[in-house]
Amino acid sequence: MLDRQNKRPNDLSAFWMPFTANRQFKETPRMLVAAKDMHFTAEDGRKIMDGTAGLWCVNAGHCRPKITEAIQKQAAELDYAPAFQMGHPIAFEFANRLAAMAPEGMDHVFFTNSGSESVDTALKMALAYHRVKGDGSRFRLIGRERGYHGVNFGGISVGGIVSNRKMFGTLLTGVDHMPHTHLPGENAFTRGEPEHGGDLADELERIVALHDASTVAAVIVEPVAGSTGVLIPPKGYLKRLRDICDKHGILLIFDEVITGFGRLGAPFAADYFGVVPDIMTTAKGVTNGVIPMGAVFVKKEIHDAFMNGPEHLIEFFHGYTYSGNPIACAAGLATLDTYQEEGLLTRASELADHWADALHSLKGEPHVIDIRNIGLVGAVELESIPGEPTKRAFSAFLKAYERGFLIRTTGDIIALSPPLIISRGQIDELIDNLRDVLRMID
Ligand SMILES: Cc1ncc(COP(=O)(O)O)c(C=O)c1O
């Protein structure tokens, strides 16, 4: 097995890599061939500490035995069964387990295969919900600048990342965006939730007034925006969004693809902030990133609104060939067991102070213009090289990899989100290395 893994494929050209500088990568590839707990193994045998839980997904660390065994067992017993007009027990069992741990009232779960699919599912549910209630004039969706909701057409339409949108035509119509909440002038180097910017939620009132509430179906936000560089909601902001949505009969969707499953120190960001949405999208940590899966959590009232009409008719014309795939469900159940047995869904709250102290010790290092943290998420923002945005952070990424650490960069922001099993010593090791990297790059 290792022989095969250790051999560099002789041709890297066929695989058009996602969200990658393909030519740079193929010139100097960075190949990972194995992983265990907090570390990957690179093809040259070096251990690489995972400072990002893969892509914010491997919350329990890599190659956890219980999850591996569950997948092997399920693959040998029931590899696949259709979920359209047919069922298999493990999908129901997993949905029940998820609903039991969800914020109050989120009793129903719709399975997808990714965060992007969860988002598009949630948007469709919101539109269809108003329609089945006889309120079909509510067709508008409101997202936010600098929001990331995956890469499907719904997600990029409500999302607010220019490079993810500009190539792809007119997108969904009837979409508007709230301003982002990143206020470096006022909030730089804040630990946790920033003081300034809660009133930006009132922009929602302005947008609703412009379009009239009777045309607005849903608002979607990441409780903590991850992919655009860890933007932490200002104090009171999310609660204010909830109040405005309630006032106008608008559904509130939290995209918890990153924040779900313990990242902030509570099972979901909804628990952490004490604000419960109507629909919640998840993926990534739902199976510890091991098998593609997403889960959309829905309030009972929304689900029940669909359950009318003749009983032989399909209530919601939506679903995926792999919704509730048995192997993904087996991985998910074993993931939840692992999280529960090891207390991982709340572990980030125990580590949060140590994490914050370590991260903020980077203040004053070269290029650093802001540091942000919440739960076990952190961002170190660097001053861009004039005329060459992203280059400085990318050099940090390459240098860190050379030194045996995987970090993630977006623009000139370094984002960190290690597996929730990280030890205090490993946090120090990660941050000390980052300090060295900052001192080395131009
Ligand atoms: C908040 C959020 N939503 C959606 C997605 C898309 O998930 P996927 O890449 O599984 O489609 C991501 C991925 O990072 C995300 O962070």
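The values are calculated or read from the model by the stated rules, or taken from the named source; none is laboratory data. Since the model is a prediction, treat every value here as computed from it, not as a measurement. Positions of Cβ are backbone-derived with ideal geometry, glycine not excepted, and every protein chain shown enters the neighbour counts. SASA here: full protein model, heavy atoms, side chains in, ligands and nucleic acids out. Shrake-Rupley method; radii C 1.70, N 1.55, O 1.52, S 1.80 Å.
Between I385 and A99, the FRET efficiency estimated from the beta carbon spacing at R0 = 56 angstrom works out to 0.70. Annotation: amide H of D412 within the under-5 Å range of T390, sequence separation 5 or more or interchain, hydrogens built in the peptide plane.
The phi torsions of the range 400-409, fed into the Karplus equation with coefficients 6.51, -1.76 and 1.60 and a -60° offset, translate into couplings of 4, 4, 4, 8, x, 9, 9, 10, 10, 10 Hz, rounded to whole numbers, with Gly and Pro shown as x. Ordered from largest to smallest accessible area (heavy atoms of protein chains, 1.4 Å probe), the residues L78, L416 come out as L78, L416.
Sequence-distant contacts, meaning Cα pairs under 8 Å at least 6 residues apart, place the relative contact order of the range 244-343 at 22 percent. For the chain, the share of DSSP beta bridges that are antiparallel, to the nearest 5, is 65%. Per-residue 3J(HN,Hα) values for the range 210-220, derived from phi via the Karplus relation 6.51 cos²θ - 1.76 cosθ + 1.60 with θ = phi - 60°, read 4, 8, 6, 4, 5, 9, 9, 8, 7, 10, 10 Hz in sequence order (x marks Gly and Pro).
Take the Cβ-Cβ distance between Q85 and K36 as r, set R0 to 51 Å, and report the resulting FRET efficiency rounded to the nearest 0.05.
Working: r = 41 Å, r/R0 = 0.81.
The computed FRET efficiency comes out at 0.80.
Shown for the range 204-340: the carbon plus sulfur share of the solvent-accessible area, taken with all protein chains present and a 1.4 angstrom probe, equals 57%. Near A35, the amide H atoms lying under 5 Å from its own belong to T41; only residues 5 or more places off or on other chains count, and H is placed 1.01 Å from N.
Is there a quick way to get the dipole size of the range 318-442? I mean about its Cα centre, with the Cβ of Lys and Arg at +1 and of Asp and Glu at -1; what is the value in debye to the nearest 20? It would help to have the intermediate numbers written out before the result.
Details: 11 positive and 18 negative charges, 53 e Å.
Charge dipole, the range 318-442, about its Cα centre: 260 debye, nearest 20.
Ranking request for peptides 188-201, 333-346, 308-321: highest mean number of other beta-carbon atoms within 10 Å first, then the rest in descending order. Walk me through the numbers before you get to the answer.
On the way: 188-201: 17.0, 333-346: 18.6, 308-321: 10.8.
Ranking the peptides 188-201, 333-346, 308-321 by packing returns 333-346, 188-201, 308-321.
Relative contact order of the range 11-55, taken over Cα pairs closer than 8 Å and 6 or more residues apart, is 20 percent.
Go ahead and collect, in residue order, the members of the range 128-162 whose backbone nitrogen is under 13 Å from a label point 7 Å along the Cα-Cβ direction of D304. Within reach of a label on D304: no residues.
Couplings for the range 314-329, taken from phi via the Karplus curve 6.51 cos²θ - 1.76 cosθ + 1.60 with θ = phi - 60°, read 5, 8, 9, 7, 6, x, 10, 3, 9, 4, x, 3, x, 5, 5, 5 Hz in order; Gly and Pro are left as x.
Once the Cβ-Cβ distance of K166 and I314 is raised to the sixth power relative to R0 = 41 Å, the FRET efficiency obtained is 0.65. For the chain, the per residue solvent-accessible surface stands at 44 Å², with DNA, RNA and ligands left out and a 1.4 Å probe.
At C63 and I369, where each label point lies 7 Å from the Cα along Cα→Cβ, what is the point-to-point distance in nanometres? In this crude label model, C63 to I369 measures out at 4.1 nm.
Scoring 243-256, 279-292 by mean Cβ neighbours within 10 Å over their residues and listing the highest first yields 279-292, 243-256.
For the chain, what relative contact order do you get, as a whole percent, if you take Cα pairs closer than 8 Å and at least 6 residues apart?
Details: 870 pairs, mean separation 94.2, N = 442.
Worked out over the chain, it gives 21 percent.
Mind checking the range 97-181 for GluC sites (Glu not before Pro) that DSSP puts in a loop (not H, G, I, E or B) and that have at most 14 other Cβ atoms within 10 Å?
Numbers: sites: E104, E117, E145; in loops: E104, E145.
Sparse-neighbourhood loop GluC sites (Glu not before Pro): E104.
Put simply, the amide H of A295, placed in the peptide plane, has neighbours under 5 Å in T112, T282, A283, leaving out anything fewer than 5 places away on its chain.
Can you bin the chain into rounded, prolate or oblate? Criterion: square roots of the alpha carbon gyration tensor eigenvalues sorted a ≥ b ≥ c, rounded for a/c under 1.5, prolate for a/b above b/c, oblate for the rest. Don't jump to the answer; show the numbers that get you there.
Working: a/c = 1.67, a/b = 1.20, b/c = 1.39.
Because a/c hits 1.5 or more and a/b fails to exceed b/c, the chain counts as oblate.
Both the radius of gyration and Dmax for the range 1-71 are 13.8, 38 Å, in that order, over alpha-carbon atoms.
Compared with the direct C-alpha span, the chain from A188 to L12 gains 59.2 nm at full extension, assuming 0.36 nm per residue.
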